[in-house]
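Working notes, structure below.
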Amino acid sequence: MATSQAERLRALIGTQPVIPVVRIDELARAVPMAKALVAGGLPAIEVTLRTPVALDAIRLIIDEVPGAIVGAGTILDARQFDAAEKAGAKFIVSPGTTQELLDAARTAATPLLPGAITPSEIMAMREEGYGFLKFFPAEQSGGAPFLKAISAPIPDMLFCPTGGVSPSNVATWLGLPNVACVGGSWVVPDAAVKAGDWAEVERLSREAAALRA
């Protein structure tokens, strides 16, 4: 299962250096935002379930934005996992891990990117058969030096650091041997989203997509 989970997620998101982590408050912004991200070279998008319209936004983007690979983030329990999968999410992201989520993922067709931050949590997920994990909150949990140190004793695990990743430190994160991609919200800044400045979102996306060009 470990190889399968890691390979499936790498195929979906691991070849893209930055996964946009987006919060959609107004449904009308979902499609133009996603179109700008896809046009900028970041088709894999994590829509967080932090707003009432998040599930509708996932459905809308899938229906109206060709090429978008839409995942659901901030999944906390099996009910949310099921709702996101039914909405069409191609991957599921959780900030941490519970037995309930693991049980839901075990029978699901949609791969789970579960969160882990301590050596014990990482080892526990490895035993469960997971080879690709979310490292969250990344900067607050020891940052790149911590994850680099983990790569020596646990070399076969891949990570997507999220939380505090920014243009000023993204190159450091992406330079680690155990980092497949990072999650970031800087490519969809609030000011640009509120102003409907999708050209700016596309510009930032192009810059992020070129980090591993």
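The values are calculated or read from the model by the stated rules, or taken from the named source; none is laboratory data. Remember, predicted model here, so these are calculated numbers, not experimental data. Here the Cβ is made from the backbone with ideal geometry for all residues, glycine too, and neighbour counts use every protein chain on show.
Among the residues here, residue 166 qualifies as touching a Phe, Trp or Tyr at 6+ places or on another chain (Cβ under 7 Å) and surrounded by fewer than 18 Cβ atoms within 10 Å (Cβ to Cβ). Residues that are of a type in the set (Val, Ile, Thr) and touching a residue at least 60 places away in the same chain (Cβ under 8 Å) within the stretch 174-213 comprise 182, 187, 188, 193, 201, listed in sequence order. A Cβ distance below 9 Å, combined with a sequence gap of six or more or placement on separate chains, defines the contacts here; from the stretch 121-144, residues that are under 18 Å from residue 9 (Cβ atoms) reach residues that are among the acidic types (Asp, Glu) and at pLDDT below 95 in the pairs 131/7; 132/7.
Scanning the stretch 16-39 for residues that are buried (at least 22 other Cβ atoms within 10 Å of the Cβ) and either over 17 Å from the mean Cα position of the chain (by Cα) or closer than 16 Å to residue 196 by Cβ (or both) turns up 22, 24, 30, 33, 34, 36, 37. Looking at the stretch 1-10, which of its residues are modelled with pLDDT under 95 and either assigned to a helix (DSSP H, G or I) or in contact with a helix residue (DSSP H, G or I) (Cβ under 8 Å, 6 or more places away or on another chain) (or both)? Result: 2, 3, 4, 5, 6, 7, 8, 10.
If you go through the stretch 200-213 and pick out every residue that is in a helix (DSSP H, G or I) and closer than 21 Å to residue 176 by Cα, you end up with 6.
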